[in-house]
């Protein structure tokens, strides 16, 4: 019986957790003039053609406010936010 209770608790708690955009040792970057994204190890600069998200607008979890926003927006070469 304890195994059944533990399994039920795990299912309930699992439904409350949100998937992180990147692992704990990485940060997300955005493709310039595109909608591509990738995760970069902390301490490294974004690869060519990618940039950091604007401060305060970094998506942290799948489907959070900024994840949804950046699906239809990007930044241009001058750093201006534009529609994707």
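Per-residue extension of 0.36 nm, minus the Cα-Cα distance of residue 78 and residue 44, leaves a gain of 10.1 nm for this segment.
Distance between the pseudo-spin-label points of residue 63 and residue 24 (7 Å out from Cα toward the beta carbon): 2.4 nm. Debye sum, Cα scatterers, segment 19-83, no solvent: what log₁₀ I/I(0) at q = 0.23 1/Å? Once normalised to I(0) and log-transformed, intensities are -0.98.
The numbers here are math on the coordinates, done by the rules we state, and not lab data. Given the structure is predicted, the values throughout are model-derived calculations rather than measurements. Cβ atoms come from the backbone with ideal geometry, glycine included; neighbour counts cover every protein chain shown.
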